[in-house]
Amino acid sequence: MEIKVNNEARVVDSGMTVACLIGDNTAGVAVAVNGKVVRKSEWETAVLNDGDDVVVIHAAYGG
């Protein structure tokens, strides 16, 4: 299936969760799917669907 991640098309396996998409480096990461924030506690159960628009934001230090 095809989803968008930060406006970039990506082909992923059907049934992929947000947790699988993000991987192990989760510190300072926020995720929204189709404009709705997905809480970190829901990443393991939040299944992505064909056509989903995912935004992944990584916190950065500095100024």
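Each reported figure results from applying straightforward, stated rules to the coordinates on display, with no laboratory input. Everything numeric in this text was worked out from a predicted model, so none of it was measured. Using ideal geometry, Cβ is built from the backbone for each residue, glycine included, and neighbour counts are taken over all protein chains shown.
Checking the a/c ratio against 1.5 first, then a/b against b/c, what shape does the Cα gyration tensor give for the chain? Prolate shape, in that a/c is at least 1.5 and a/b is the bigger ratio. I'd like the antiparallel share, as a percent to the nearest 5, of DSSP beta bridges with both residues in the chain. In the chain, approximately 85 percent of DSSP beta bridges are antiparallel ones.
Go ahead and estimate [θ] at 222 nm for the chain from helices alone: -39,500 (n - 2.57) per DSSP H run with n ≥ 4, summed, over the residue count, rounded to 500.
Values: 1 runs with 5 residues, N = 63.
Per the formula, -1500 deg cm²/dmol.
In this label model, Val5 and Ala27 are separated by 2.0 nm, measuring between points 7 Å along each Cα→Cβ vector.
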